[in-house]
Amino acid sequence: MIDLRPYQLDAVDSLRREIAAGRRNIVLCAPTGAGKTLIGTRLMNETRRKGKRTLFVVDRLSLLNQTSEVLDAYGLDHGVIQGGHWRFRPYLQIQVCSQQTLARRKWPDTDLIIVDEAHTITETVRKRIAERDVVTIGLTATPFTKGMGKVYESMVNVTTTNRLIADEFLSNYRIFAASEPNMEGVKAVAGEWDEKETSKRAMEVVGDCVAECLKHGAGKKFICSAVDTAHVDELHRQFMAAGVHCATYTYKVKDDERAEIVREFRKPDSYIRGLI
């Protein structure tokens, strides 16, 4: 049984109304921690119980495995469409699919498509859902990508971070800031700072970031986001030099090693204190 919180049930009802009104491509907007994957799991289960099929489409291998784990937790048998995956079972009603694999193959027939991280609009997904022959629900916390309104025709807002905190579904937070890098003169490319120059500027304040984390972190575990892999490596070096055991999580780390790092990091008594 997939029990949903009240706001999640409201979201499912809102989606039903959009579908009944003839909408085919719908964005489900919910902040991090609201349970987008769980709502998607409920929809997949309902579709399965009606004898129909669902494709849950992801753009990263880590999300593919996470989604598969959630489906396992709720006892939903499913296949995985990803090159060489041990769980290739195309006959099952629920399929978790890699966008990269779908780009090289024909999309399977389906009755529902759920697109995770829908703000990352790839040509593979754009072409498929442009047909509007199947209901598509795009999950995202940030529906701000230019052109999304041409791909999706309506949106359901689930809740807000402040509401989740007020209802005690999320912990409250405090913000501390280290030194800000000097970004004067750095060019913006497609609305983002030039990555190479941003990494260079960020390197100048790594020491301050480490010092502030040690000062305010009280020995707690942390996740640290960086500009690029060079920035990751320097953060890792300085945290380790300060006696804080960290692990790096980038494309340079093999998939099975990354999975093991996450499993270890999730342990309450993990020796890994920071994930960069």
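Please identify the pairs in which a residue from the range 254-276 that is within 17 Å of VAL232 (Cα to Cα) has its Cβ atom under 6 Å from the Cβ atom of a residue that is open to solvent by 40 Å² or more (accessible area, probe 1.4 Å) and part of a strand (DSSP E or B), counting only partners at least 6 apart or on another chain.
So the pair list comes out as LEU275/ILE223.
Return only the number of the condition from (1) open to solvent by less than 60 Å² (accessible area, probe 1.4 Å); (2) over 20 Å from ARG53 (Cβ atoms); (3) at pLDDT 95 or above; (4) not polar (S, T, N, Q) that GLU153 does not satisfy.
Going through (1) open to solvent by less than 60 Å² (accessible area, probe 1.4 Å); (2) over 20 Å from ARG53 (Cβ atoms); (3) at pLDDT 95 or above; (4) not polar (S, T, N, Q) one by one, GLU153 breaks only (1).
Does the range 236-245 contain any residue that is touching a His at 6+ places or on another chain (Cβ under 9 Å), at pLDDT 95 or above and aromatic (Phe, Trp, Tyr)? Write out each step before concluding.
Keep residues of the range 236-245 that are touching a His at 6+ places or on another chain (Cβ under 9 Å), which gives 239.
Retained after the next criterion (residues that are at pLDDT 95 or above): 239.
Of the ones still in play, those that are also aromatic (Phe, Trp, Tyr) are 239.
Yes, that holds for at least one residue.
Are any residues in the range 192-208 within 25 Å of the chain's Cα centre (by Cα) and outside any loop (DSSP other than H, G, I, E, B), and if so, which ones?
Quick first cut of the range 192-208, residues within 25 Å of the chain's Cα centre (by Cα) only: 192-196, 198-199, 202.
Selection gives GLU192, TRP193, GLU195, LYS196, THR198, SER199, ALA202.
Only one of ALA247, ALA241, ALA230 is open to solvent by 80 Å² or more (accessible area, probe 1.4 Å), small (Gly, Ala, Ser) and within 28 Å of ALA177 (Cβ to Cβ). Can you tell me which?
None of the other options fit; the residue is ALA241.
Looking only at the range 164-213, count every residue that is of a type in the set (A, V, I, L, M) and closer than 20 Å to ALA241 by Cβ and tell me the total. Before you say what the answer is, go through the steps one by one.
Let us first name the residues in the range 164-213 that are of a type in the set (A, V, I, L, M), namely 164-166, 170, 175, 177-178, 183, 186, 188-190, 202-203, 205-206, 210-211.
Checking which are closer than 20 Å to ALA241 by Cβ leaves us with 178, 202-203, 205-206, 210-211.
Qualifying residue count for the region: 7.
Just to be sure before I move on: is LYS254 under 25 Å from the mean Cα position of the chain (by Cα), within 18 Å of ILE175 (Cβ to Cβ) and basic (Lys, Arg) in the structure I sent? Lay out the reasoning, then the answer.
Details: under 25 Å from the mean Cα position of the chain (by Cα): yes; within 18 Å of ILE175 (Cβ to Cβ): no; basic (Lys, Arg): yes.
In short, no.
Specify which of the listed residues (ILE137, ILE165) is within 13 Å of ASN25 (Cβ to Cβ), within 21 Å of the chain's Cα centre (by Cα), surrounded by 12 or more Cβ atoms within 10 Å (Cβ to Cβ) and β-branched (Val, Ile, Thr). Please lay out each step first, then the result.
Details: ILE165 fails: within 13 Å of ASN25 (Cβ to Cβ).
Only one candidate passes the filter, namely ILE137.
As an exercise: evaluate ARG201 against (1) surrounded by 16 or more Cβ atoms within 10 Å (Cβ to Cβ); (2) in contact (Cβ under 8 Å) with a residue 40 or more places away in the chain and give the number of the one condition it does not meet.
Among (1) surrounded by 16 or more Cβ atoms within 10 Å (Cβ to Cβ); (2) in contact (Cβ under 8 Å) with a residue 40 or more places away in the chain, the lone unmet condition for ARG201 is (2).
Identify the residue in the range 173-191 that is within 27 Å of the chain's Cα centre (by Cα) and among the small types (Gly, Ala, Ser) and, among all such residues, is most open to solvent (accessible area, probe 1.4 Å).
ALA190
Anything in the range 207-240 that is among the acidic types (Asp, Glu) and free of Cβ contacts under 8 Å to residues at least 24 places away in the same chain? List them, or say none. Spell out how you get there, then give the answer.
Looking only at the range 207-240, we keep the residues that are among the acidic types (Asp, Glu), and these are 208, 212, 228, 233-234.
ASP233 - this is the single residue of the range 207-240 that is among the acidic types (Asp, Glu) and free of Cβ contacts under 8 Å to residues at least 24 places away in the same chain.
Are any residues in the range 47-96 within 16 Å of VAL134 (Cα to Cα) and of a type outside the set (Val, Ile, Thr), and if so, which ones? Can you show your working first?
Step one: of the range 47-96, the residues within 16 Å of VAL134 (Cα to Cα) are 47-48, 50-57, 93-95.
Of everything in the range 47-96, those that are within 16 Å of VAL134 (Cα to Cα) and of a type outside the set (Val, Ile, Thr) turn out to be ARG48, LYS50, GLY51, LYS52, ARG53, LEU55, PHE56, GLN93, GLN95.
The values are calculated or read from the model by the stated rules, or taken from the named source; none is laboratory data. Keep in mind the model is a prediction, meaning the values are calculated, not measured. Positions of Cβ are backbone-derived with ideal geometry, glycine not excepted, and every protein chain shown enters the neighbour counts. To get the accessible areas, we keep the full protein, side chains included, count just its heavy atoms, and leave off ligands, DNA and RNA. Shrake-Rupley method; radii C 1.70, N 1.55, O 1.52, S 1.80 Å.
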